1. What dipole magnitude, in Debye to the nearest 20, does segment 45-116 give about its Cα centre under +1 on Lys/Arg Cβ and -1 on Asp/Glu Cβ?
2. Within segment 47-116, list the trypsin sites (Lys or Arg not before Pro) lying in a DSSP loop whose Cβ has at most 15 other Cβ atoms in a 10 Å radius.
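Just so it is clear, none of the values below were taken in a lab; they were calculated from the coordinates. Worth saying up front: this structure is predicted, and the values here are computed from it rather than measured. So basically every Cβ, Gly included, is an ideal-geometry build from the backbone, and we count neighbours across all protein chains shown.
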Amino acid sequence: MADILGIDADGVDESAALETDSTALGVALDRVRSRRRKAGPDAADRLLNDQRGLIADQRRHLREQFRHLGLKTWSERLKLILQVLRIQAEERVLRADPSYRSFAEQVRYRLLPGVY
């Protein structure tokens, strides 16, 4: 193993050489990490921050869409209710005419067949 790592193992226990090498590797990694922190966020951190921003924008857009959909649904319901009230008022006015009254007795469903 010492041959692979390039360690001269003459009279030195191999496990001691490997432990020293792993300690040196740990120190080197800590130095690299501290340099990155001083230099600022790395590319992965910037990407994550960008993604978080995009997700927040998408959530905001979806909230607006649902709010608009809710308003549209209520306005459509209101239109339908007003239309039904108008049809009922028109039926009352038309039933005052005797010829329409006889037509209404013959034709049960005048607006939607089988419904109204």
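1. Using Cβ point charges on Lys, Arg, Asp and Glu, segment 45-116 gives about 140 debye.
2. R95, R108, R110
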